[in-house]
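Participant: The structure is given below, and queries will be raised subsequently.
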Amino acid sequence: MSLAGEMRHRLLIEEPIETPDSEGGMSRSFAPLTMIWAKIDPLRGRGDVEFDALQARITHRVTIRSGVDLSLRHRLSEGGRYFIIHAFRASADDRLIEIDAEERID
């Protein structure tokens with residue numbers, strides 16, 4: 001199965017950086033790690049009200065080529081869109097990685 005024509009999204013894999021804050025906790029930011037090509041398939045969406053603000057959550061299946069070190073602590077981004085990784089698995093032939101991700105829209 002060739003997905004070359006379908007992998008048209010250029011995503012940035014970002015790794016978390018945690019630094020101590022002044023109150024004894026940790027502050028998390030993200031630093032760019034590498035760019036990849038991906039296929040993004042939206043699966044479902046829902047709207048919630050949190051803290052008196054409407055927020056939409058859209059789940060996606062993101063498919064990338066294997067050979068990338070990935071963990072649940074990483075996130076994916078495309079422009080102003082951010083995808084939180086919930087799970088990932090290798091395809092049957094180990095050529096691809098399928099990622100279950102959530103995009104939050106405020």
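Participant: Count, please, the residues in region 18-32 that happen to be closer than 30 Å to Asp94 by Cβ and free of Cβ contacts under 8 Å to residues at least 40 places away in the same chain. Before you say what the answer is, go through the steps one by one.
Facilitator: Taking region 18-32 first, the residues closer than 30 Å to Asp94 by Cβ are 30-32.
Now drop any that are not free of Cβ contacts under 8 Å to residues at least 40 places away in the same chain, which leaves 31-32.
So the count comes out to 2.
Participant: So which residues in region 66-86 are open to solvent by 40 Å² or more (accessible area, probe 1.4 Å) and touching a residue at least 40 places away in the same chain (Cβ under 8 Å), if there are any at all?
Facilitator: Passing the criteria: Arg73, Arg75, Glu78.
Participant: If you don't mind, another one. Which of the residues belonging to region 12-55 are open to solvent by less than 50 Å² (accessible area, probe 1.4 Å), at pLDDT 80 or above and out of contact with any Ser or Thr (no Cβ under 7 Å at 6 or more places or on another chain)?
Facilitator: Within region 12-55, Pro16, Gly25, Ala31, Ile36, Ile40 qualify.
Participant: May I ask you to list the residues in region 2-11 that are assigned to a loop (DSSP other than H, G, I, E, B) and at pLDDT 85 or above?
Facilitator: Glu6, Met7, Arg8
Participant: Here is a further query. Tell me whether region 87-106 contains one or more residues that are open to solvent by 70 Å² or more (accessible area, probe 1.4 Å), modelled with pLDDT under 95, part of a strand (DSSP E or B) and not hydrophobic (A, V, I, L, M, F, W, C).
Facilitator: yes
The values are calculated or read from the model by the stated rules, or taken from the named source; none is laboratory data. All of these numbers come straight from a predicted model, not from anything done at the bench. Cβ sites come from the backbone with ideal geometry, for glycine too, and all protein chains shown count toward neighbours. Keep in mind that these areas ignore ligands, DNA and RNA; they rest on the heavy atoms of the full protein, side chains included. Shrake-Rupley method; radii C 1.70, N 1.55, O 1.52, S 1.80 Å.
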